[in-house]
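Here the structure is laid out as structure tokens; the discussion comes afterwards.
The values are calculated or read from the model by the stated rules, or taken from the named source; none is laboratory data. What you see is a predicted model; the values in this text were computed from it and never measured. Don't worry about glycine lacking a Cβ; one is built from the backbone with ideal geometry, like all the others, and counts go over all protein chains shown. We work out accessible area using only protein heavy atoms, side chains counted, and drop any ligands, DNA or RNA first. Shrake-Rupley method; radii C 1.70, N 1.55, O 1.52, S 1.80 Å.
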Amino acid sequence: MRTDPARLRFETDAKDGAARTGRLFTSHGEIETPAFIPLATRGTIRGLSAEDVAGLGYQLVLGNTFHLFLAPGEERIAELGGLHRFMGWDGAIITDSGGFQVFSLAHGAVADEIKGRRARQGSQGSILDIAEEGVRFRSYVDGAERFMGPEDSMRVQAALGSDLALAFDECTPYHAERDYTARSTERTHRWLHRCVDWHAREAPPTQALFGIVQGGTYADLREESAQRVSATEVDGLAIGGTLGRDKPEMYGVLDLTLPHLPREAPKHLLGIGEPDDLVEGIARGLDLFDCAVPTRLARHATALAPRPDGRYRFDLRRTSFAADEGPLVEGCPCEACERHTRAYIHYLCRQEELTAVRLLALHNLTYLERLVRGAREAIRAGSLSDYRERLLGGAAPWAV
Ligand SMILES: [Zn+2]
């Protein structure tokens, strides 16, 4: 790994077992870790303004290279002053590499099954060719043939001006066989070297680069990938690809990957962030998490809640909420819970009012922000295992 404070500085302080608190220093401010990262896929966190998101305590959001490349295009965003200015966000931005989306076109639900993504529709475009050079695909925007390889992903992320860029990789699905996973992981390593070369020469001097560890669910492939990626000139590490078919398998893949990563490196678990995953990942020493769950659930009339038996969520459309005068979740400090009843939000959801999406996004993002904040406090107090037990036992993050 490289050390270049102009790109990124990471300082850890309190430790509790493998877990730690820390600070990432970027040119758009500091990020307290462990942190959850909301998705601003198309340059917006759906239903919320940049000011709303900052007001919830978030310091880092994730922009999507693939979607912004297709529309409005990275050149337009660069002409307009870069992604921060374009979306009016003063905090830090991480951009994914586009690899996940490009390969979703090929693998159907690359969607590693544990992330619960649904199979891609035809409207998402289609893959034309995967080669050493990169991937040719058909755009879902206008049907045009487009190409993305490692250098293109780096170039797009440089033009967007994100603080943290991710290397271009293939996100291998759970259903891929060992042979395919091994060959794909090798190619991801070759692509990483091309990303590192391009980034060292051409990227903005304040942009950091994270390498992505692949290897599917295979212990030896994960170990090799962890060592290969850690040996390159990157500023941080991410864990990608399938993590298995269920949560115990996911935690197992983390347990066999993390020991092979340098302890001092900032570590990002890609695409994972349900309440139980956050606390389990934090306990294992991960620092960053991004996930579509809070914002996607908001669009599907669903609130996060301390309900371990109900996947930490409930659907507001159920008729039992029609006259319910309680808040979404008792004690939640968000605007939706402080000001409104379940009955009102149930009604807005049934009417498909945009306000329902907004209120649920505020609630769900508050829930996860409080959860990681509580974890940071617990690590400082040396009581993370107690915090974890109580959350997994059904306590709300602000009640622990
Ligand atoms: Zn709330």
Worksheet item: Which of the strands (runs of 3 or more DSSP E) contained wholly in region 138-216 include at least 3 residues that are open to solvent by less than 10 Å² (accessible area, probe 1.4 Å)?
Response: 164-166, 208-213
Worksheet, complete the sentence: Expected single match for of a type in the set (A, V, I, L, M) and touching an Asp or Glu at 6+ places or on another chain (Cβ under 7 Å) among Leu128, Leu221, Leu164 is Leu128
Practice prompt. Please state which one of Arg318, Arg376, Arg380 is closer than 30 Å to Gly63 by Cβ and either open to solvent by less than 50 Å² (accessible area, probe 1.4 Å) or at pLDDT 95 or above (or both).
Written response: Arg376
Practice prompt. Please indicate, with yes or no, whether at least one residue in region 177-193 is within 23 Å of the chain's Cα centre (by Cα) and closer than 25 Å to Phe86 by Cβ.
Written response: no
Worksheet entry | Single match in Arg370, Arg307 (criterion: within 16 Å of the ligand (Cβ to nearest atom) and either more than 20 Å from the chain's Cα centre (by Cα) or under 30 Å from His260 (Cβ atoms) (or both)) | Arg307
Discussion item. What's the total number of residues in region 336-365 that are within 24 Å of the chain's Cα centre (by Cα) and either over 16 Å from Phe314 (Cα atoms) or away from the ligand (no atom under 11 Å from the Cβ) (or both)?
Written reply: 3
Worksheet item: Taking Thr21, is it open to solvent by 40 Å² or more (accessible area, probe 1.4 Å), touching a residue at least 24 places away in the same chain (Cβ under 8 Å), assigned to a strand (DSSP E or B) and of a type in the set (S, T, N, Q)?
Response: no
Practice prompt. Could you run through region 262-286 and say how many residues are within 14 Å of Ala19 (Cα to Cα) and of a type in the set (Gly, Ala, Ser)?
Written response: 4
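For (1) modelled with pLDDT of 95 or more; (2) in contact with an Asp or Glu (Cβ under 9 Å, 6 or more places away or on another chain); (3) closer than 17 Å to Leu164 by Cα, each residue gets a yes or a no:
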| position | (1), (2), (3) |
| --- | --- |
| Glu32 | yes, no, yes |
| Gly43 | yes, no, yes |
| Leu68 | yes, yes, yes |
| Gly73 | yes, no, no |
| Asp96 | yes, yes, yes |
| Gly99 | no, yes, yes |
Practice prompt. Just give me the residues in region 310-332 being within 16 Å of the ligand (Cβ to nearest atom) and on the phi > 0 side of the Ramachandran plot, in sequence order.
Written response: Tyr312, Gly331
Discussion item. So, in region 4-18, how many residues would count as being of a type outside the set (A, V, I, L, M, F, W, C) and either part of a loop (DSSP other than H, G, I, E, B) or open to solvent by less than 20 Å² (accessible area, probe 1.4 Å) (or both)?
Written reply: 4
Worksheet item: Within region 382-389, can one find any residue that is touching a residue at least 24 places away in the same chain (Cβ under 8 Å) and within 14 Å of the ligand (Cβ to nearest atom)?
Response: no
Worksheet item: Arg222 passes all but one of (1) open to solvent by 10 Å² or more (accessible area, probe 1.4 Å); (2) of a type in the set (D, E, K, R); (3) more than 21 Å from Val156 (Cβ to Cβ); which number fails?
Response: (1)
Fill in: Leu48 being crowded, with 23+ Cβ neighbours inside 10 Å and either in contact with a helix residue (DSSP H, G or I) (Cβ under 6 Å, 6 or more places away or on another chain) or under 20 Å from Arg155 (Cα atoms) (or both)
no
